[in-house]
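Trainee: Here you go, one structure.
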Amino acid sequence: MGSFQPTTEQSVAVHKASNMSVDETLLITAFAGAAKTTTLELIAQSLPQSRFLYLAFNKAIVEEAKKRFPKNVTIKTTHSLAYQYTRPAG
């Protein structure tokens, strides 16, 4: 991310994510435009040994996310995630 300097809140989120146990969940709540995706990107980059799932509402967001996130992140639409767990009709 070049000379990008994370905010204090982003640095705290990355630190917390890096020090979590497997049975813990990190919840990030923020308004629209508050850099949630950038924060998730920072977390994924800081934990290259971990695997992540990023869910988006539509294919356009998926395609944009694929350009941003590292390879340890699986990116899908919410619909495609649900679809993989349904049985074919018939």
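Trainee: Across region 49-59, which residue is nearest to Leu81 (Cα to Cα) among those that are open to solvent by less than 90 Å² (accessible area, probe 1.4 Å) and within 14 Å of the chain's Cα centre (by Cα)?
Mentor: Per the criteria, the residue is Leu55.
Trainee: Go through region 1-41 and give me each residue that's open to solvent by 90 Å² or more (accessible area, probe 1.4 Å) and in a loop (DSSP other than H, G, I, E, B).
Mentor: Those that are open to solvent by 90 Å² or more (accessible area, probe 1.4 Å) and in a loop (DSSP other than H, G, I, E, B): Met1, Ser3, Gln5, Asn19, Val22, Asp23, Glu24, Thr25, Leu27, Thr29, Phe31, Ala32.
Trainee: Sticking with this one: Quick one: in region 60-90, which of the residues that are of a type in the set (A, V, I, L, M) and over 15 Å from Glu41 (Cα atoms) is surrounded by the most Cβ atoms within 10 Å (Cβ to Cβ)?
Mentor: Looking at the filtered set, the residue picked out is Leu81.
Trainee: Further, regarding this structure: Six or more apart or on different chains, Cβ under 8 Å: which pairs go from a residue in region 68-90 that's under 18 Å from Asn58 (Cα atoms) to one that's in a loop (DSSP other than H, G, I, E, B)? Could you list them?
Mentor: Val73/Arg51; Thr74/Arg51; Ile75/Phe69; Thr77/Phe57; Thr77/Asn58; Thr78/Phe57
Trainee: Let me ask something additional. Please enumerate the residues belonging to region 42-70 that are in a loop (DSSP other than H, G, I, E, B), farther than 20 Å from Gln5 by Cα and in contact with a helix residue (DSSP H, G or I) (Cβ under 7 Å, 6 or more places away or on another chain).
Mentor: Correct list: Phe57 only.
The values are calculated or read from the model by the stated rules, or taken from the named source; none is laboratory data. These numbers were taken from a predicted model, which means no experiment stands behind them. Reconstructed Cβ throughout: ideal geometry from the backbone, glycine too, with neighbour counts over all protein chains shown. Areas reflect the complete protein model, heavy atoms only, side chains present, ligands, DNA and RNA absent. Shrake-Rupley method; radii C 1.70, N 1.55, O 1.52, S 1.80 Å.
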